[in-house]
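Colleague: Handing you a structure now.
Each reported figure results from applying straightforward, stated rules to the coordinates on display, with no laboratory input. Predicted model only: the values in this text are computed from it and were never measured. All Cβ positions, glycine included, derive from the backbone under ideal geometry; neighbour counts span all protein chains shown.
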Amino acid sequence: MNLILGAGYAVIGLALIFWATPLSIRYNAWTTGLRERHPNINPPPTPEWRARNTKIMTVMFRVAGVFLVLLSIMHLLPLIAAKPH
């Protein structure tokens, strides 16, 4: 079970690290669309804020990816270091 969890965390973490920029651009476009449809709740961002939001989300996706990769190492390390019987 640890092998499956560790491999899954590693794959998802590496995907988040690798595709952080495209994911942040798509997320920013989605939230901007919501904000344009409902300007009473939160007004749409300016172009400068859109660029800043994209950079912030890129960093957040990469931090989450690194966390998942480290979590996968924690799950896989006992399997690698275990002595064969």
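Colleague: Want the number for residue 55 to residue 81: 0.36 nm per residue separation, take away the alpha-carbon distance, what's left? Write out the running numbers ahead of the final one.
Modeller: Numbers: separation 26, 0.36 × 26 = 9.36 nm, distance 3.82 nm.
Taking 0.36 nm per residue and subtracting the Cα distance, the gain is 5.5 nm.
Colleague: Any chance you could give the angle, 0 to 90 degrees and rounded to 10, that helix 2-18 forms with the longest Cα principal axis of the chain?
Modeller: The two axes meet at around 40 degrees.
Colleague: Which listed residue (39, 57, 29) has the Cα farthest towards the positive end of the charge dipole for the range 21-62, taking +1 on Lys and Arg C-beta and -1 on Asp and Glu C-beta about the Cα centre?
Modeller: 57
Colleague: Relative contact order, percent, of the chain when contacts are C-alpha pairs under 8 Å separated by at least 6 residues?
Modeller: In percent, rounded to a whole number, it is 56.
Colleague: Calculate the spin-label point distance for residue 21 paired with residue 3, positioning each point 7 Å from the Cα along the beta-carbon direction, and give it in nanometres.
Modeller: Between residue 3 and residue 21, the simple spin-label model gives 3.7 nm.
Colleague: Rounding to the nearest 10 and keeping the result within 0 to 90°, find how far the Cα-based axis of helix 47-81 lies from the longest principal axis of the chain.
Modeller: Once rounded, the angle reads 10 degrees.
Colleague: In the set [x] 14.7; [y] 17.2; [z] 13.3, which value of Kirkwood radius over Cα pairs in Å was calculated from the structure you see?
Modeller: [x]
Colleague: Return the calculated 222 nm mean residue ellipticity for the chain, to the nearest 500 deg cm²/dmol, obtained by summing -39500 (n - 2.57) across DSSP H runs with n ≥ 4 and dividing by the residue count. Before the final figure, lay out the partial values.
Modeller: Values: 3 runs with 70 residues, N = 85.
Computed ellipticity for the chain at 222 nm equals -29000 deg cm²/dmol.
Colleague: Sticking with this one: Against the longest principal axis of the chain, how steep is helix 20-37, in degrees 0 to 90 to the nearest 10, with axes from Cα atoms?
Modeller: Rounded to the nearest ten degrees, it is 40.
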